[in-house]
Amino acid sequence: MLKRLCIMAVSLMTAAGAAAQHEPYHGDGIDDYLRFVPIASAYILKASGVESRSPWKRLLVNTATSFAVDAAVTYGLKFSIKSTRPDGTDRHSFPSGHTSFAFFGAGVLDKEFRHVSPWISVGGYAVATYVAVDRVCRNRHHWGDVVAGAAIGVLSVEAGYWLGDKLTGWNENVDVAVCPLGVSVAWRW
């Protein structure tokens with residue numbers, strides 16, 4: 001039953017996106033806000049006391065490292081490839097930054113809370129998928145842009161966690177402090 005519902009939902013989103021892709025520019029909308037929901041959910045769950053895979057220190061370091069990888073790859077490609085958007089507003093279509101960020105957040109949510117319930121991961125990826133479909137429906141991206149953005153977002157989490165753990169030895173060599181001016185991360189060598 002669940003499998004059929006998932007297949008129907010994906011089919012409807014795909015059909016709606018394909019039909020709307022050639023419409024004029026609709027402006028930015030809910031996707032501007034929804035892209036933050038998965039990463040915010042990870043931190044809200046952690047702050048609420050839900051058991052995550054990582055302590056606060058590791059979560060902060062690996063999330064920051066994953067975000068740095070995501071942003072570097074996404075915007076490096078976006079400003080070097082210069083693909084025109086379907087609505088013709090600019091030449092920064094490939095890959096989708098909204099989708100990349102949403103899937104980065106969903107990847108962190110999945111990595112940290114999958115052991116609590118697989119539905120947390122499903123929820124994160126469902127929101128990220130909606131962001132991707134909405135970007136196409138709003139005529140801001142082609143399907144290839146959002147697929148590439150999704151792949152970059154998920155892979156950046158894998159690379160960020162690996163790199164963050166290698167650089168820090170995550171539980172031995174890192175100090176994280178939150179202060180009025182921001183977050184401070186110090187590595188002991």
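Here are a few things to note about the model shown:
- Residue 139, sole failed condition from (1) under 10 Å from the mean Cα position of the chain (by Cα); (2) open to solvent by less than 20 Å² (accessible area, probe 1.4 Å): (1)
- Within region 13-49, the residues that satisfy the criterion of being open to solvent by 70 Å² or more (accessible area, probe 1.4 Å) and modelled with pLDDT of 90 or more are 33, 36, 44, 47, 48.
- For region 50-62, filtering for residues that are part of a loop (DSSP other than H, G, I, E, B) and open to solvent by less than 30 Å² (accessible area, probe 1.4 Å) leaves 2.
- All of 79, 101 fail the test of being of a type outside the set (Val, Ile, Thr), within 14 Å of the chain's Cα centre (by Cα) and either closer than 19 Å to residue 154 by Cβ or open to solvent by 40 Å² or more (accessible area, probe 1.4 Å) (or both), apart from 101.
- Of all residues in region 144-160, exactly one satisfies the criterion of being crowded, with 24+ Cβ neighbours inside 10 Å and farther than 18 Å from residue 35 by Cα, namely 160.
- Of all the numbered requirements in (1) open to solvent by less than 10 Å² (accessible area, probe 1.4 Å); (2) hydrophobic (A, V, I, L, M, F, W, C); (3) modelled with pLDDT of 95 or more, residue 122 misses one, and that requirement is (1).
- Here residue 89 fulfils each of the conditions (1) open to solvent by 30 Å² or more (accessible area, probe 1.4 Å); (2) in contact (Cβ under 8 Å) with a residue 60 or more places away in the chain; (3) polar (S, T, N, Q); (4) part of a helix (DSSP H, G or I) apart from (4).
- The numbered conditions (1) within 19 Å of residue 32 (Cα to Cα); (2) within 14 Å of the chain's Cα centre (by Cα) are all true for residue 69 except (1).
- Odd one out for residue 87, checked against (1) of a type outside the set (S, T, N, Q); (2) out of contact with any Pro (no Cβ under 9 Å at 6 or more places or on another chain); (3) within 14 Å of residue 145 (Cβ to Cβ): (2)
- Residue list for region 104-117, filter: crowded, with 21+ Cβ neighbours inside 10 Å and among the aliphatic types (A, V, I, L, M): 106, 108, 109
- Selection status of residue 138, touching a residue at least 60 places away in the same chain (Cβ under 8 Å), closer than 30 Å to residue 167 by Cβ and among the basic types (Lys, Arg): no
The values are calculated or read from the model by the stated rules, or taken from the named source; none is laboratory data. Source: prediction; values computed, not measured. Virtual Cβ from ideal backbone geometry, glycine too; neighbours counted across all protein chains shown. Quick note on the areas: whole protein, heavy atoms, side chains included, nothing else; ligands and nucleic acids left out. Shrake-Rupley method; radii C 1.70, N 1.55, O 1.52, S 1.80 Å.
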